[in-house]
1. How about the range 319-363: which of its residues are in contact with a Phe, Trp or Tyr (Cβ under 7 Å, 6 or more places away or on another chain) and in contact (Cβ under 8 Å) with a residue 60 or more places away in the chain?
2. In this structure, does Val118 turn out to be modelled with pLDDT of 95 or more, among the hydrophobic types (A, V, I, L, M, F, W, C) and over 29 Å from Trp303 (Cα atoms)?
3. Among the numbered conditions (1) surrounded by 21 or more Cβ atoms within 10 Å (Cβ to Cβ); (2) farther than 20 Å from Ile315 by Cβ; (3) in contact with a helix residue (DSSP H, G or I) (Cβ under 6 Å, 6 or more places away or on another chain), tell me where Arg123 comes up short.
4. When the residues of the range 126-138 are narrowed to those that are in contact (Cβ under 8 Å) with a residue 24 or more places away in the chain and outside any strand (DSSP E or B), which ends up surrounded by the most Cβ atoms within 10 Å (Cβ to Cβ)?
5. Within the range 76-109, which residues are of a type outside the set (Gly, Ala, Ser), part of a strand (DSSP E or B) and touching a residue at least 40 places away in the same chain (Cβ under 8 Å)?
6. Only one residue in Leu285, Leu290 is without any contact (Cβ under 8 Å) to a residue 40 or more places away in the chain, crowded, with 18+ Cβ neighbours inside 10 Å and closer than 30 Å to Ala119 by Cβ, so which one is that?
7. If a residue has to be without any contact (Cβ under 8 Å) to a residue 24 or more places away in the chain and among the small types (Gly, Ala, Ser) to count, how many in the range 24-38 make the cut?
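The values are calculated or read from the model by the stated rules, or taken from the named source; none is laboratory data. Everything numeric here is computed off the predicted structure, so don't read it as measured data. When we count neighbours, we look across all protein chains shown, and the Cβ atoms used for this are built from the backbone with ideal geometry, even at glycine.
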Amino acid sequence: MASRVIPDVVTIDGETWAVRRAWPASRNRIAIEAKRNSAIRAGFLSDGQSGIDGHVDTDGHVDMLEEGRDPKLPGLERLLAAAGNQLISHRPGKRAVIRLADGRFAKCVRPSRAAGIVAGQDRAEDFRNGFALPNVLSADGSTVVLSALPGVELHDPQRLGAHWSRAWTDALDAWALAAGETVTPMPVHSADSEVQVLEEWRDRAHEFLGPQRAEIDSLIADVRADLLDVGAASAGEKNAGEENAGERNWGPIHRDLHDKQIMWDPVAGPGLLDVDTACLGERELDLGNLRAHARWRTQQGIWTPDYAEVVIREISRVTSASGLDPRRVRTYERSALVRLACVYAFRPRWSGLTGALLDAAHE
């Protein structure tokens, strides 16, 4: 079955840039982020510009934005004009992250969207029971400046060395402390919501899945049945006292918890990033997402099986200690595995390995 392929590289002004990430932008249009050394450029590919051979013509068929500019992100050019500020990531037309010269970070979004980031920071207050969180230092309509957290991401075992196990123990213990009554009102992410996210990613990636389409459809049907069997009730049902099996472990969740979202420092302990997705849902979702990423990191060759086993063991420990349902963790893990297969279909470096994600979802 034929499938569109996002190219490994694009040519910009005669130079070859590696396509690091891509996202659906609009009908027949793909947003891309390309990197050359430490520099980042963003742009778009339109229908017909990436074919099944994975090559892109170099005669103007790739529409790259000007370096350091994005017409839909008004704060980007202003921030990058300051000496020492560095672009870290750029999803064109949507979002960019800049490391400021003094160590702080800035997130650039579309006009009026910054309020959503600030609101997410407020919703995540429950996680301060165990984690350090970035503080909002300033904000306008399209830019939020956040304080930096000490330590390193729990993504790179080499940087953590002998502290790998301790760091993950601390991080999972910190996560467990967020359980209980929420401090601020939070949006709800139910089992129905999870199914919707899964189906949306399947639809976005449809053109790029090739022979995996039928398998993903089958897995989504299977995961949907498991999720909705004891799915979390709506917020209205919860307030009315109509509990079911899924609600027993209802509480604050990050909703996109993975190793790149967690920092650790031997003195300051664990920290949590990108908390604007914080919401109310089944606590097992976060742990299932972490397990799925642990499996994926081994397939990527970033973690050894031994490093992954440390993480999986800690997840199992916290699942038991917190009274969570290991079967529910597995259901959310399967959901995350299928979603990651769709997400990484847009990343040329890794798209050829996504079959391993589906294999893990079948187990």
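1. Residues of the range 319-363 that are in contact with a Phe, Trp or Tyr (Cβ under 7 Å, 6 or more places away or on another chain), as a first pass: 339-340, 342-346, 350-351, 354, 357.
Those that are in contact with a Phe, Trp or Tyr (Cβ under 7 Å, 6 or more places away or on another chain) and in contact (Cβ under 8 Å) with a residue 60 or more places away in the chain: Arg339, Cys342, Val343, Ala345, Phe346, Ser351, Thr354, Leu357.
2. No: the conditions fail for Val118.
3. The single condition Arg123 does not satisfy is (3).
4. Initially, the range 126-138 is screened for residues in contact (Cβ under 8 Å) with a residue 24 or more places away in the chain, giving 126-127, 129-134, 137.
Remaining after also requiring outside any strand (DSSP E or B): 126-127, 129-131, 133-134.
Working: Asp126: 22, Phe127: 22, Asn129: 15, Gly130: 18, Phe131: 24, Leu133: 18, Pro134: 22.
Top of the filtered list is Phe131.
5. To start, the set of residues in the range 76-109 that are of a type outside the set (Gly, Ala, Ser) comprises 76-80, 85-88, 90-92, 94-95, 97-100, 102, 104-105, 107-109.
Now restrict to residues that are part of a strand (DSSP E or B): 86-88, 90-91, 95, 97-99, 105, 107-109.
Residues satisfying the conditions are Gln86, Leu87, Ile88, His90, Arg91, Phe105.
6. Working: Leu285 fails: without any contact (Cβ under 8 Å) to a residue 40 or more places away in the chain.
The unique qualifying residue is Leu290.
7. 1
The rows are residues; the columns are (1) surrounded by fewer than 17 Cβ atoms within 10 Å (Cβ to Cβ); (2) more than 19 Å from Glu284 (Cβ to Cβ); (3) at pLDDT 90 or above; (4) out of contact with any helix residue (DSSP H, G or I) (no Cβ under 9 Å at 6 or more places or on another chain).
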| residue | (1), (2), (3), (4) |
| --- | --- |
| Val188 | yes, no, yes, no |
| Val197 | yes, no, yes, no |
| Arg202 | no, yes, yes, no |
| Arg213 | yes, yes, yes, no |
| Ala225 | yes, no, yes, yes |
| Leu228 | yes, no, yes, no |
| Glu237 | yes, no, no, no |
| Gly241 | yes, yes, no, yes |
| Arg248 | yes, no, no, yes |
